[in-house]
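Asks: Sharing a structure, written as structure tokens. Questions coming.
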Amino acid sequence: MKRVGSSGKPLSDGLQPTGTLLYKNGFLVRKVHADSDGKRPRGKRGWKTFYAILKGLILYLQKGEYRPDKQLSDEDLKNAVSIHHSLAMKASDYSKRPNVFYLRTADWRVYLFQANAEQMQSWITRINTVAAMFSSPPFPAAIGSQKKFSRPLLPGTMSKLSEEEQVRSHEARFRAISTELAELRSYPPDRKVKGRELDEYRQRDEYLDFEKTRYGTYIMLLRAKIRSGEDDLSVFELQLLEDNGLQRAHSSPTLQDSSQASLASSTRDGGNSSKASGCSSKQQRQEGQRHSYRQAVKK
């Protein structure tokens, strides 16, 4: 029987190899905020409590508490979330519940998770670190017309690169995306432009801005891990928070400070960060504070 995750796709054996390490576990309360491409999910979207197990690039969500000898049920596999190329971020504008973070996956599904006050930051840091360590380099861009914007496909298999090779791959992507974003914003559409052309511009801008934040976060965490020389992520996490040179918010950037978080990882973009932040803030004000944390997944 094929294992199907919450993305609606079978969980590949390459995603979850035998002997994959358990990186974190504990109770989380989940709400499905958006399906792939930011579409509103069908049916009820209430909060549900799960026992979460981050094992490799899979976040398993079980109804009962984890036991090593317990077999995963079909429902457990259906609820599983693949975290390759994902980003966990503090939902600072979500006021209905405390200690909420959201997880955006490779296909731009969005999940809201509530943890206890002591564990929320740990979940954010742990998910982002594992994603930075094991997300494979993206596939080459498709050859053909680039007129209509579409996000590139991202491989779900675990990266076979060394940590140094992995961080260099992330840095190369960060530089390429930063350049593309700066070029896009240097030629904004005319104010008279409406409809599909304007939507295409906004979608591309939102995608590039988010990817810049994601890769900036990956670089910061992976460089810090390499410097620490620590394989135990619990120990690395403590070192990260004790390091005066690293701010806790850098491993959980909000949408408002996404450009600043990226710039903290690299200064190659010069003054583009403030421009990006201004553009993002303006869009968020237009959407309203209640929905500002979902800005990058709107149509």
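The values are calculated or read from the model by the stated rules, or taken from the named source; none is laboratory data. These figures come from a predicted structure and were not determined experimentally. All Cβ positions, glycine included, derive from the backbone under ideal geometry; neighbour counts span all protein chains shown. Please note that ligands, DNA and RNA were not included when accessible areas were found on the heavy atoms of the full protein model with its side chains. Shrake-Rupley method; radii C 1.70, N 1.55, O 1.52, S 1.80 Å.
Asks: I'd like to verify a number: residues in region 177-206 that are loosely packed, with under 14 Cβ neighbours inside 10 Å and either closer than 21 Å to A106 by Cβ or within 23 Å of the chain's Cα centre (by Cα) (or both), how many?
Replies: The number of residues fulfilling the criteria is 1.
Asks: If the requirement is being touching a helix residue (DSSP H, G or I) at 6+ places or on another chain (Cβ under 9 Å), touching a residue at least 24 places away in the same chain (Cβ under 8 Å) and not polar (S, T, N, Q), which of these qualifies: Y215, Y201? Quick ask: steps written out before the conclusion?
Replies: Working: Y201 fails: touching a residue at least 24 places away in the same chain (Cβ under 8 Å).
Result of the check over Y215, Y201: Y215.
Asks: Continuing with this model, one more query. Kindly indicate whether any position in region 178-185 is closer than 28 Å to S234 by Cβ and in contact with a helix residue (DSSP H, G or I) (Cβ under 8 Å, 6 or more places away or on another chain).
Replies: No, region 178-185 contains no residue that is closer than 28 Å to S234 by Cβ and in contact with a helix residue (DSSP H, G or I) (Cβ under 8 Å, 6 or more places away or on another chain).
Asks: Okay, next question. Report whether or not L233 is in contact (Cβ under 8 Å) with a residue 12 or more places away in the chain, buried (at least 21 other Cβ atoms within 10 Å of the Cβ), closer than 12 Å to V130 by Cα and not β-branched (V, I, T).
Replies: No; evaluated as a whole, the condition is false for this residue.
Asks: Mind listing just one residue for me: the one in region 41-70 that is over 26 Å from R97 (Cα atoms) and modelled with pLDDT of 80 or more and, of those, most open to solvent (accessible area, probe 1.4 Å)?
Replies: K55
Asks: From (1) open to solvent by less than 30 Å² (accessible area, probe 1.4 Å); (2) assigned by the TED database to the domain that holds D35; (3) at negative phi; (4) not basic (K, R), pick out the condition that doesn't hold for T129.
Replies: Failing condition for T129: (2).
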